[in-house]
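Just below is one structure, and these are the notes that go with it.
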Amino acid sequence: MESYRKPVKSDCEALLSRFQQTQSVRFEVFSNIWKEMKFVQIFRQSHNKRAFCRLVLDVAYCYFMPPFSFQIRVGGLYLLYSFYHCQTTSPPEQIRVALKDWEDVRNFEKESLDAQHLDVAYILQQLMTCKAFLFTAMPTLLHYSRKRTEEKPELCDEFMERPCRPQELINTQLSEEMSNIHELYKNTKASISSQMSTAAAASVSLIRGGIVSELCSAVMEFYNWQQNRDTVGEAQPSQERISSQQECSNRATLLAAIKSKAYEEPSEAVKSRRHRQVEIDLPAEEDKSFLKLRHSRVTKPSLKNRTKEQIHMSGDLGREAARTTLINHLVTLEPALQEKIKSERRFKSLNEYLESQTKSTSH
Amino acid sequence: MAASEQPAEPSSSIPDYEFMNLCSTPFHIGSFRDEWLKRLKPENVSFQPGDLDSFEARFAAAMGVGEETMTELRSVCSVDSLLCHSGDQEPDPEVVPPNATLQTLTHRKKQNNKPQKRTNNRHDLYVDELDRLTAGRLPETEANRLPEGELILTINIYFPNTVEKFNHLRAHTTLLMTGSHTLADLRDAVCCVSDLQVCGEFSSTPDMAPDFMSKDLFKSAYFFFEGVFYNDMRYPECQDISSTTIDWAKSHNYPQFSTAKMEDTRFLDLKVKVGYPYLYCHQGDCEHLVIITDVRLAHRSDCLDTDLYPLLTHKNRLVTQKCSVCHVFIGRWYTTRDQFAPSDPCLFCDKCFRMLHYDKEGNKLGAFLAYPYVDRGAFN
Ligand SMILES: [Zn+2]
Ligand SMILES: [Zn+2]
């Protein structure tokens, strides 16, 4: 059944991508695409029906959750609704909702109610009334069995809401506030050091002078980088950002553009105050530190290594602990030990007998 | 800046991924249930079917829309709007359409064309549908009715591989249990052949054999979850067999383990990770991995009769070892130093064993040693 995950995902993404192009959240628009793609045929099969229903619902659930944009999440909800009602198993498989995701569901509901999206709210609440949800610990059943090396599931980039928290955080108000505090600090420092006799006191420098402008330019650079990343596939130079921005019509871009105004202004204001400050030229690397942050992953040492570090054992014990424990060691004995107790243990020798029997019959 | 937030401690009642798609963070099952119930309305967890008419009336009132808008909304969102056949001829829902464009269907066609290992046993076809037989089953008496808001746990018990070694796939059974079951209930629900082994040599008195089952002789057992050994202490013969491990850990500078009683511990009292392998040990050294694969609130389509829990929902069929004389029946005896046997040791069904080794009066013929044998597939 696991082999179906990839094709189901690409079918869902094809549908959602067409839905995204319409820039609509209407169910009517969604159901037309669903019909055009003959999506209901996905359930045409003769066996393993229940496992397949489980899989399509689990796949669709991901699109209903952040980090996807509101429009894609609406599409995800419509997918869940359509899969739930079109499945051919009885009783139907339910949609699993994890406790950790419940707040996201409630916020989504609130957002659609506030925006008067009648169809979105109706479908979500109708599913709820139909008892279509299972209230679970985790989104899927977990067996600890998948290969750890399995490729990381790729999230479809175009469906994502662009992160705009830096823009939100570093706004006009904040930079004004920071400049004011910085002024205050400088003045206080000046008045104190004038009363001091030693020259050393005046040279104390704890705060970087250009902190406000640095902050603003870092966010600006982040925004520019974000914009450029979108157009990199089309090989557009960064100077054409403004025009490409006009072309981009999806909600996320607009949102980011609106928010960008919030910091374009303070950066102007800071420039005008520059004559009062000493400009510090930072090395270029430092400026791009947010880029590096994004790419480096924090890796935690494995349990085995942590244990090895904390617990020191000597002699045979240490050597034994350093060896990997194979799963079958949990149930079989060391060869030497096995040999020793072979005569006493009837079952072991019987098992060997059976094993040889199995081998000979399979030839 | 002072306003920077400290990363919050992971909540012990709201599980999240510890390792993506492998296991969750540890959480207390009882408080997990409380967290859900705190967030939901009683009708969300009720086993009654939902009332769509009153829902629509409430929805219209809340959104301030009239009957006309509701009618339109209902028709736009109807399930009919998703179907694509033209009404006159319903296609066969089991046949993949020939001109399908969905990738899933292209994949299914390929899968269907693959020469499949045909299953020749009807048990295999329905093996994963066991629980569906009891879906929505109602109890005969109100007292046996599953309470609304109860938890359902899905538990996999894996069997040690003694004969064949397949590391990729281990035989397991899947049980559904409720939050108020104790670990002792789980122990009693695990069918393992090592509980049924009969110890001893019975060539002179073959009729005596079934009286001594390991289950009745060696009653000690434990579960191990999150640093705690849960020992079975229900009978006076039970011993705390985890003490050896605990003492060893203590003397080797390992983190401390603690103990509790299996029969006093309900699932609601446990702290676990979903998806994480834990341990069940009985008969001294028969060790099983235990994985709780799912914890969730009960749903109206679950079996609602508490008498039917623990509910078996999956079981691997095991290859059975047949009698070496008739090759038909499952082995019940095995012999050693047996002058009649083609091999040493050798496996016999009850009938062949007695025909070959005893005369009409039941007197033992010749020299041999005979031991009762319980096949792994005895529970198929
Ligand atoms: Zn066992
Ligand atoms: Zn026989």
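The values are calculated or read from the model by the stated rules, or taken from the named source; none is laboratory data. These numbers come from a predicted model, not from an experiment. Note: ideal-geometry Cβ built from the backbone for every residue, glycine included; neighbour counts use all protein chains shown. The accessibility values were calculated without ligands, DNA or RNA, using every heavy atom of the protein model including side chains. Shrake-Rupley method; radii C 1.70, N 1.55, O 1.52, S 1.80 Å.
Relative contact order for region B:227-312: what percent, with Cα pairs under 8 Å and sequence separation of 6 or more?
The value is 22 percent.
5 Å is the cut-off here: which amide hydrogens, built 1.01 Å from N in the peptide plane, fall below it relative to B:VAL325, excluding neighbours closer than 5 in sequence?
Those qualifying (amide H under 5 Å, at least 5 residues apart or on another chain) are B:CYS349.
Keeping every protein chain present and rolling a 1.4 Å probe, give me the accessible area per residue for region B:318-379 in Å².
53 Å²
So what J values fall out for region A:70-80 if you push phi through Karplus, 6.51 cos²θ - 1.76 cosθ + 1.60 with θ = phi - 60°, rounded to Hz, Gly and Pro as x?
4, 5, 5, 5, 4, x, x, 5, 5, 4, 4
Considering every residue in A:71-80, what mean count of other chain Cβ atoms within 10 Å of its Cβ is obtained?
Average per residue, whole number: 0.
Just give the residues from region B:292-313 buried by at least 10 square angstrom of accessible area in the all-chains context relative to the isolated chain, probe 1.4 Å, and say none if nothing qualifies.
SASA drop of 10 Å² or more in region B:292-313: B:THR293, B:ASP294, B:VAL295, B:ARG296, B:LEU297, B:HIS299, B:ARG300, B:SER301.
Express the relative contact order of region B:318-379 as a whole percentage, based on alpha carbon pairs under 8 Å and six or more residues apart in sequence.
40 percent
State the percentage of accessible surface on region B:138-315 attributable to carbon and sulfur atoms; use a 1.4 Å probe and exclude ligands, DNA and RNA.
Whole-percent figure for carbon plus sulfur exposure: 53.
Taking the highest mean first, how do the peptides B:18-24, A:8-14 order by number of other beta carbon atoms within 10 angstrom per residue?
Going by the mean number of other Cβ atoms within 10 Å, highest first, we get A:8-14, B:18-24.
How big is D for region B:318-379, in µm² s⁻¹ as a whole number, if Stokes-Einstein is applied with the Kirkwood radius of its Cα pairs at 4 °C and 1.567 mPa s?
Roughly 110 µm²/s, to the nearest whole number.
How many percent of the alpha carbon pairs in region A:76-144 exceed a separation of 19 Å?
37 percent
Per the Kirkwood formula on distinct C-alpha pairs, the Rh of region B:263-338 is how many angstrom?
17.3 Å
Taking the Cα centre as origin and putting +1 on Lys and Arg beta-carbons and -1 on Asp and Glu beta-carbons, what dipole magnitude results for region B:318-379, to the nearest 20 debye?
Dipole size: approximately 100 debye.
Once you average over the residues of A:96-109, how many Cβ atoms of partner chains fall within 10 Å of each Cβ?
3
On the protein heavy atoms, probe 1.4 angstrom, tell me the percent of accessible surface of region B:318-379 carried by carbon and sulfur.
The nonpolar share, carbon plus sulfur, comes to 58 percent.
Let a ≥ b ≥ c be the square roots of the eigenvalues of the Cα gyration tensor of region B:138-315; is it rounded (a/c under 1.5), or, if not, prolate (a/b larger than b/c) or oblate?
oblate
Spelling out what I want: for every residue of region B:94-108, take phi, set θ = phi - 60°, compute 6.51 cos²θ - 1.76 cosθ + 1.60 (Karplus), and round to whole Hz; glycine and proline get x.
9, 9, 6, x, x, 9, 5, 10, 5, 4, 4, 6, 4, 5, 5
How big a patch of accessible area, both sides summed and in Å² to the nearest 100, lies buried between B and A at a 1.4 Å probe?
8500 Å²
Within 10 Å, count the other beta carbons around each residue, average over each peptide in B:64-72, B:152-160, A:27-35, B:235-243, and list them highest first.
B:152-160, A:27-35, B:235-243, B:64-72
Taking the solvent-accessible surface of protein heavy atoms with a 1.4 Å probe, what is the per residue accessible area of region B:138-315 in Å²?
Roughly 43 Å² per residue, with all protein chains present.
Considering every residue in A:122-133, what mean count of other chain Cβ atoms within 10 Å of its Cβ is obtained?
If you average over the peptide's residues, the count of other-chain Cβ atoms is 6.
Please list A:41-50, A:156-165 highest first by mean number of surrounding beta-carbon atoms within 10 Å per residue.
A:41-50, A:156-165
To the nearest 0.05, how large is the calculated FRET efficiency for A:THR22 and B:GLN111 if R₀ is 35 Å and r is the Cβ-Cβ distance?
So, using R0 = 35 Å, E works out to roughly 0.60.
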